[in-house]
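See structure below.
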Amino acid sequence: MAIKNVGIIGCGTMGAGIAQIALQAGYLVTVNEVSRELLDKGLERIRGSLDKMKEKGLIDDAHRDEMAKRLSPAVTLNELNQCDLVIEAVVESLDVKAKLFAALDSVCKKEAIFASNTSSLSVTQIAAATSRLKQFAGLHFFNPPALMPLVEVIRTMTTDETILQEIIDFVKSLKKAAIVAKDSAGFIVNRLLTPYLLDAMRAVGDGVGSVEDIDAGMKLGCNHPMGPLMLADFIGLDVLYNAANILFEEYREQRYAPPPILKRLVIMGCIGTKAGTGFYDWSDLKRPRPALLSI
């Protein structure tokens, strides 16, 4: 089955970004949100991104307008019944995702492929809520989807090989690199990245060095684009805390256990750039400075 019509559930930062790159690749795109208000905000976010591309000279007026015409809002799941591929990008909750796909299973055409954008949850457990285990996989885009070149394709024990190849071809059509991972907590990237970020937090908590010096050490000493603590702020400390708990539950290895400093910051609401503070004070996004932490 040729994928032509793509449905996106959730139109926040991730969902809007996935919708944008699908439009750029020539697909018909239908987006859905839980409320009309959130849907309108998501559509505005997507159209704003297209306007920015036009302002930068990446596309002209005609191309922008043509992409906008291929974008359709859906206020109910029933409006996704003709989609060839449905990608979920909602809150990172197994219960929410499973209930969503169970509902989609009853309204989407039988040939439709389902994919979850989960970054750490079991794709198998989500797929089990549907009757199409062979047509289910994970599609883990990275934030922001329009800029990040990688997509993890997660195969379960039941994902059909032909379907898997269709999904890989879809990712490549978005001009993204696809890597295939088996369905295990954290997949490839987060399984390796999370302990690194948690170790940097432990180093701060143990007084090994300051926030600024730890980040400078890894940035300049290892030629990384940014230090681990600043990266953690960008990802979201709440997101990392939840992911670490999922990984620790799965593997029972101490390297995945959230350190006390992370737990305290999350409890205080200091969860990174989206809150204005985390390991850094983000009141001036262009000049972040280490926050004053009482450890």
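The values are calculated or read from the model by the stated rules, or taken from the named source; none is laboratory data. Just so it is clear, the model here is predicted, and its values are computed rather than measured. Glycine also receives a Cβ, built like all others from the backbone with ideal geometry; neighbour counts cover every protein chain displayed.
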Original post:
Taking the range 91-122, which residues are part of a strand (DSSP E or B), within 29 Å of Asp238 (Cα to Cα) and out of contact with any Ser or Thr (no Cβ under 7 Å at 6 or more places or on another chain)?
Top reply: Ala115, Ser116
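Can you pull out every residue in the range 123-140 that is crowded, with 20+ Cβ neighbours inside 10 Å and either in a loop (DSSP other than H, G, I, E, B) or over 15 Å from the mean Cα position of the chain (by Cα) (or both)?
Taking the range 123-140 and keeping what is crowded, with 20+ Cβ neighbours inside 10 Å, we get 123, 126-127, 135-140.
Result: Ile126, Ala127, Gln135, Phe136.
Tell me, which helices (runs of 4 or more DSSP H) lie completely within the range 181-280 with 3 or more residues that are among the charged types (D, E, K, R)?
On the way: elements: 189-205, 211-221, 228-235, 237-251, 260-267.
It comes to 189-205, 211-221, 237-251.
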**OP:** Collect the residues in the range 59-82 that are modelled with pLDDT under 90, closer than 19 Å to Ile18 by Cβ and either outside the structural domain of Glu111 (by TED's automatic domain parsing) or exposed (fewer than 13 other Cβ atoms within 10 Å of the Cβ) (or both), keeping them in residue-number order.
**Re:** none
Subject >> Number of the exception - Pro258 against (1) modelled with pLDDT of 95 or more; (2) surrounded by fewer than 18 Cβ atoms within 10 Å (Cβ to Cβ); (3) closer than 18 Å to Pro195 by Cα >> reply: (2)
Subject >> Pair list, Cβ < 6 Å and 6+ apart or interchain, from the range 124-142 residues that are under 14 Å from Leu164 (Cα atoms) to residues that are of a type in the set (Phe, Trp, Tyr) >> reply: Phe136/Phe114
**OP:** Run down Asp213, Asp206 and say which single residue is outside the structural domain of Met14 (by TED's automatic domain parsing), within 30 Å of Ser283 (Cβ to Cβ), modelled with pLDDT under 95 and exposed (fewer than 15 other Cβ atoms within 10 Å of the Cβ).
**Re:** Asp206
**OP:** Please verify whether the range 155-168 includes one or more residues that are outside the structural domain of Asp215 (by TED's automatic domain parsing), over 17 Å from Ile3 (Cα atoms), in contact (Cβ under 8 Å) with a residue 12 or more places away in the chain and of a type outside the set (S, T, N, Q).
**Re:** yes
